[in-house]
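Only the coordinates and a few stated rules stand behind these numbers; no lab work does. It should be emphasised that the depicted structure is a prediction, and the values quoted were computed from it without experimental measurement. Glycine gets a Cβ as well: all are built from the backbone with ideal geometry, and neighbour counts include every protein chain shown.
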Amino acid sequence: MKKIYFILSLAVIALLSSCSEDFNEHNFPGYKDASNPTNVAAYNYTLTDADYTTIANAIKKPVTDSIATFKTLLKTANQADSITINASINRLNNRLTTETPYINATYIATNKFFDTNLKAMDYMPYLLSQKYLYSDNASTIKVAYNNVNSGDTTSISTVSKFTLTNVDYALMGTDLNQPGVKNNFTSTMSVMTYLNNFLKLKCPYAATNDVKMVKYAYYDSNKATKKQYRILTFDGQNWIPTPDQFMVKENKWVYDPTITLSLKQVSGNNPYIMKFIDYLRTTTPDKFYQKNTYINEEHYYGFSAYYAQVTYTADRTTYGDAAIKALKTDVDKYALFNQRLKEAMPLFTQLNFPSLQTNVYGIQQYVVVTITSYYSSSKSGLLTIKMKCTKSGTSTTPAEYAVDSIVETF
């Protein structure tokens, strides 16, 4: 009887499940797909001081958990076992102070930054896997954190680079645990708070997305004074570290090496655009108009020395572009502009990022470039151009790229 009852129960459950699915699918279209919910999300986060300790604790957890287990056993152990258990505890404690992974973890927790040796891409997943445990594949997060001695400094103009002087340190305070005492920063000081206030004083008219570099002295937990620099971006209110992106792949948080380059108007000529323009001006002078001089529309690719934009306008026929001039409609001219942009971008990306690799930690390397598309004083759009690294750069051969997609929004 029990067996018959069990079979009947299964049949009833199956029938009810079937009816429920049919009802839901009929009355709530799309509900059936919701039976496997996803949590694909895009986050933004800035690390707190406590987060660096969380990362260190996560790295040490296998060892500290073992120590905790042995201490529990110690409470009920006899004398002979206690000797063995205490020896194991001492051995594990010794690992925490002598083995490189744990020494590095302690350094990160104490000094609260990453650098070229202690890379955030290696350590950030320890934190993200705890804070965003239930994020599904394809979720992304932009994380701002203390990053020293890293980043592209070549594109930052000289006037945007600062080195703190003794006077600067003194103005930051000369009381105990303030920079002016020994003209340096230490792990007990909020370095970002001081640098943010310093740049606000030095750059009172900063525009959103302006980038500056600040060099300073830092006395670390190893009792050594080191020269450091940080690259900071103005978000409209404060100077913050430039965020990096991470993503969920195969249910794990990993570093996303995608480089996002926003080509905006800066003080002076945009260095990324000028690198491209000056290269072409030397190698293909026939594609420049007005006797090879700098003008608003430099050449048939549409980039400008004076504006961070790609020009999509029939007015360029006045600059001697025979191919554009021969076309009769703006639609045809627009198609040619796009064709030329696809031709230009692999070289543009190669000149600006010659040393990138096809993938980082198994993740495909992309460069995403955004730039204004200009039609007239009353019409402009935004081009988002995604470039794929197809061949790694070496010390003698630059990386190669292909256009993955071009999207224009208005």
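Numerical summary
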read-out	value
Using a Förster distance of 45 Å, the FRET efficiency for LEU176-VAL360 (Cβ separation, nearest 0.05)	0.55
Amide N of the range 221-245 lying under 13 Å from the label point, which is placed 7 angstrom from the Cα of LYS215 along Cα→Cβ	227-230
Leading residue at positive end of dipole, the range 114-242 (Cβ point charges), from ASN238, TYR194, THR174	THR174
All lysines inside 30 Å of LYS328 as judged from Cα atoms, apart from same-chain residues fewer than 8 positions distant	LYS287, LYS291, LYS342, LYS379
Point-to-point label distance, ASN238-ASN57, nm (Cα→Cβ direction, 7 Å offset)	2.3
Surrounding net charge for ALA68, when Lys and Arg each add one and Asp and Glu each subtract one, Cβ distance under 13 Å	+3
Amide proton proximity set for VAL368, modelled H, under 5 Å, gap of 5+	ILE259, THR260, LEU261, MET387
Cut-off 13 Å (backbone N to label point 7 Å along Cα→Cβ of LYS200), residues of the range 235-262	235-240
Which of VAL248, VAL254, VAL368 has the fewest Cβ neighbours within 10 Å, and the rest in rising order	VAL368, VAL254, VAL248
Extension gain (nm, one decimal) between GLU99 and ALA42, 0.36 nm per residue minus Cα-Cα	16.9 nm
Cut-off under 5 Å, modelled amide H: who pairs with THR242 long-range	THR233
The chain: relative contact order in percent, alpha carbon pairs under 8 Å with at least 6 residues between	11
Structure-derived percent of Cα pairs over 42 Å apart: which label, when the choices are (1) 30; (2) 36; (3) 47	(2)
Sorted by Cβ neighbour density within 10 Å, fewest at the top, the residues MET172, MET189	MET189, MET172
Of the DSSP H helices in the chain, those whose Cα atoms cover at least 20 Å axially and whose Kyte score averages -0.5 or more	2-27, 49-74, 79-98, 330-352
Relative exposure of LEU164, LEU96, judged by other C-beta atoms within 10 Å (fewest first)	LEU96, LEU164
Magnitude of the charge dipole, the chain, Cβ model with Lys/Arg +1 and Asp/Glu -1, debye to 20	840
Charged-residue dipole, Cβ positions (Lys, Arg, Asp, Glu), the range 114-242 about Cα centre, Debye nearest 20	300
Bridge type composition, the chain - antiparallel percent by DSSP, nearest 5	70
